[in-house]
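K.L.:
A single structure is presented below for examination.
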Amino acid sequence: MNHFPQAWGRPRDDVYGPYNSSYLQTSAPNTHTQQPIVTGTSVLAVKFKDGIVIAADNLASYGSLARFTPVSRLRPFNPRAIIGFGGDVSDMQYLDRLLNSLDVDENYSSTGHSLHAANLHTYLSKVMYKRRSDINPLWNSMLVAGLDGEDKPFLASVDLLGTTFEAPTLATGFGAHLAQPLLRRLAEEESQVPGITREMAVEAVKECMKVLFYRDARSMDRYSIAVVTKEGGVELKEDEVLEGQSWAFAEEIRGYGTQVA
């Protein structure tokens, strides 16, 4: 074999003839990444009478490896809106830069008006649909939570296809299967939202985060949670820990972990 660094692994030219690289040439069209690599899992949100509660854990998984832990997937946009990201983390970072640019433009605007949550949701839906139409989608599913133009609670979803919808409770990823049935016990119809207090909404979201920690292999016990209200704006906590965990029982099982003779 040829042992020069620039040709490691290639047969020697003086023995086998010159290396033929013509097979590397292709006339195929340019392609884009069609598979997310580092991903975040569920985002949960629920309306209550004065605002929105939204939460997501702080884990970014490399396949099935719990690779990056201090990753907050809740991104405040302004005092009236916050976005929760599920899916590919690199696409989340791209969208975060896009939103930063939009935020700068808004702050320098002379109109005196700022985007509210409904505006932001419309903007993101157009971005996601445009990238889908280019066959180069952003592999994310997002929840946009906050206040609309009339300072009423607003909660809506947008995914990589540009599909959008609103509901009193929403969840992405595994949360759509495991947490939504629990959240719908609190509010299945929009008419039930005025009867939900902030404490009820926060407790329901925390209980769902615990269920996901036990049932979703791509989740963890540290999470971010935010409450959006007209009076308090976006109140974000990025390093909450689940309470009342019961995984500790494993340490009492014979054969678990290191043993002492």
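Laboratory data are not the source of any read-out in this text; all were calculated from the coordinates shown. The model shown is predicted, which means the values in this text are computed figures rather than measured ones. Cβ coordinates were reconstructed from backbone atoms using ideal geometry, including for glycine residues, and neighbour counts include every protein chain displayed.
K.L.:
What FRET efficiency would be calculated for the residue pair Thr111, Ile37, taking the C-beta separation as r and a Förster radius of 35 Å, to the nearest 0.05?
P.N.:
After rounding to 0.05, the efficiency reads 0.30.
K.L.:
Pairs Lys47/Lys152; Lys49/Lys230; Lys47/Lys230; Lys49/Lys152; Lys210/Lys237; Lys126/Lys230: which exceed 19 Å Cα-Cα?
P.N.:
Lys126/Lys230
K.L.:
Net charge within 10 Å of Asn58 by Cβ-Cβ distance, Lys/Arg positive one each and Asp/Glu negative one each, not counting Asn58 itself?
P.N.:
-3
K.L.:
Based on the mean of other Cβ atoms within 10 Å per residue, sort peptides 147-160, 97-110 so the most packed one is first.
P.N.:
147-160, 97-110
K.L.:
With θ taken as phi - 60° and the coefficients 6.51, -1.76 and 1.60, list the Karplus ³J(HN,Hα) couplings across the range 58-74 in order, rounded to whole Hz; mark glycine and proline as x.
P.N.:
So the Karplus estimates, Gly and Pro as x, are 9, 9, 10, 9, 9, x, 9, 8, 6, 8, 10, 9, x, 10, 7, 9, 9 Hz.
K.L.:
Oh, and also: Could you tell me the relative contact order of the range 38-241? Use alpha-carbon pairs under 8 Å, at least six residues apart, and round to a whole percent.
P.N.:
For the range 38-241, the relative contact order is 31 percent.
K.L.:
Apply the Karplus parameterisation 6.51 cos²θ - 1.76 cosθ + 1.60, with θ equal to phi minus 60°, to every residue of the range 226-231 and state each ³J(HN,Hα) to the nearest whole Hz, in sequence, with x for glycine and proline.
P.N.:
For the range 226-231, the Karplus-derived couplings read 9, 10, 10, 9, 5, 6 Hz, x marking Gly and Pro.
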